[in-house]
Every structure is written in C-alpha cells, then in structure tokens.
Amino acid sequence: MNYETKFYIGLDVHTKSTQYVVRTWQGDVISEGKCATIYKDVKTSLEPYFHSCIVGMEACTSFYPLREGFMQDNVPVKIANVLRIRQLIVKLTATKSRIWAVLTRHGIKIPERSMFSVKGWLHVKAIVESDKCPAELKFLFQHFHNVESSLEQSTKVLIEYAKSNFIKEWEKLHSIDGIAEIISSYIIANVHPISRFANEKKLRRYAGVIPCFQESAGKFHGSMLPKTSSRALLRWALTQAAHGAIRKKGSNLSLYYKSKKKRSKYKAIMAVARSICDLVYMRLKE
C-alpha cells in the first residue's frame, strides 16, 4: 500500500488479552486500551486507523492469528524479534561450557590458557579432526559453528537496518564512550522514538538500571535492581557499554567508575550504566 503513514500501532500480545496503543510519528498517544487476543476484537478497536498505519508487535506464540488477520485486510504489520540475538548468545555460551565439560570428562587437556582463544580453538579443532575424537565432541563442535554463524548473520541484519534507517540516532549514539555498532542497534531497537520518555528517570526505569522498592502487606522492602524489567535486553546492552567505557583511560566514565568501585565493582558498573543511559537520553533528545 502506497500512502503516507500517519499512525503507529503497538500491540503487547498475550494469550488471553492484548494491550494496544496508537501513536503519531512524534510519539503522541492517540488511543490506548485492552481487548481480547482475537482479531475480531482487535479490529473493532483499531479499524479507524487501518487506512494509514503500521502495526508492530513482538514475536510470541499468540501473534500468528492477529498477523493473518492484518494481512488479509492489507494492513502492514512488523514482527519484532531482536531478542533472538540475545538467545543465540546464551546458546553459544552454553555450548562452550558443554565442550569444556566433554574435554574434561575424557581427560583431554588444551595447552593454552583459554580454550576459546585463537590458538586454543585450533587445538580443539585438531582434536575433533582426529580419529580418537569422542562423537559427542564432534556434534557439539558442529553445533557451535552453526549457532555462531546464525548469530553473526542476525547481528549483521540488525546493524544494517539500524544504520540505514536511523542515521541521525546512529551517529549520536556513537559519540558516547562504550557504544559501538551492536550496542547502538540494540538501543535503537528498544528505545526509539525517545519522545516516549518524559525524562531521564523514565528511561532508567524502563531499562531497569535503577533500584526499586518492593511492597508486601503494606510494608516496603529493600532497594534493589529488578530481576526483570520492561526491556532486559536494553539493560544488558547498557551494562556492556559500561564495561567498554571504563576501559578508555582518562575518560569521565572511567574516572567515575574508579571513584565508585571501592565499595562494590558491580554497583560501580551499574552506576556507569545509569550514566550512559542518561547520555543516551540527552543525545537522542538533541
């Protein structure tokens, strides 16, 4: 359909119910509400915007009937799946641990400090190609390469999309210490447009990088980082950016980390992550 898009519809799809919000490109909320996860009900609520809209929702087990309904009505629909990359990273790490466990169980030692360094991996490859290699190790080695290839391909697609469609945001984020191509892509995928957030604190809470209080029986308990947040992937990205930023000698973030790490390195890293979160807000607001 060739028309100028006026409305952007976001759906939070669950098994029984779906929350929706209709926004303009500037981020102004036109309509929001809740309905059953049945296309008929969703259409009843959102049909007035179908003439000029794009629908976006995250990949889950319940989105298929809704997507088919939108497609039948010729409504553009986008399925977001940026968490796929994080899942691949977890699978890659788990496979590494299993390879190490198989080598240990069979008494095979690698004459390198790290088994997954360039030289260490060459030794593993030589073992896999030998006649005495355990069958389980060959399978894990092949699985590792398959997951690694899939991760590289997914990351490349995400980076190219963010780089070509959000040029100004891409350049602004790259001016922050610790943020490079992959982290920029994660942040754009989870935050854009920044006008959704009224201030820096709103973005901090969304990313889950500030402590929260828990209430039970009318009593408040502790001040701790939430185990889950609106965007766990965003918190991971900000934490990775913090680790990268503190390696730059003489930078403000590096000096800030050193002043905080005397008490706790973990709390110091999260403090740097919060600072980067504020910088992200300010850069994108520009």
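Only the coordinates and a few stated rules stand behind these numbers; no lab work does. What you see is a predicted model, and the numbers here were worked out from it, not measured in a lab. Note: ideal-geometry Cβ built from the backbone for every residue, glycine included; neighbour counts use all protein chains shown.
Key figures for this structure:
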item: Shape call, the range 7-80: gyration tensor on alpha carbons, a/c limit 1.5; result: rounded
item: Cubic angstrom per residue, convex hull over Cα atoms of the range 84-162; result: 96 Å³
item: Angle between the chain longest axis and helix 265-285 axis [Cα atoms, degrees, rounded to 10]; result: 40 degrees
item: Extent along principal axes [Cα atoms of the chain; Å; largest to smallest]; result: 67, 49, 48
item: Angle in degrees between helix 181-191 and the longest Cα principal axis of the chain, rounded to the nearest 10; result: 30 degrees
item: Dipole magnitude of the chain, debye to nearest 20 (Cβ charges: Lys/Arg +1, Asp/Glu -1, about Cα centre); result: 1700 debye
item: Mean ellipticity per residue at 222 nm, deg cm²/dmol - from DSSP H runs of n ≥ 4 across the chain, formula -39500 (n - 2.57); result: -17500 deg cm²/dmol
item: Calculated FRET value between residue 30 and residue 258, using beta carbons and R₀ = 41 Å, to 0.05; result: 0.30
item: Rounded to 10°, Cα long-axis angle of helix 232-245 versus longest principal axis of the chain; result: 50 degrees
item: Summed residue charge, Cβ within 12 Å of residue 119's Cβ, Lys/Arg positive, Asp/Glu negative; result: +1
item: Relative contact order (percent, whole number), the chain, Cα cutoff 8 Å, 6+ residue spacing; result: 12 percent
item: Dipole in debye (nearest 20) - the range 84-162, about Cα centre, beta carbon charges: Lys, Arg +1; Asp, Glu -1; result: 260 debye
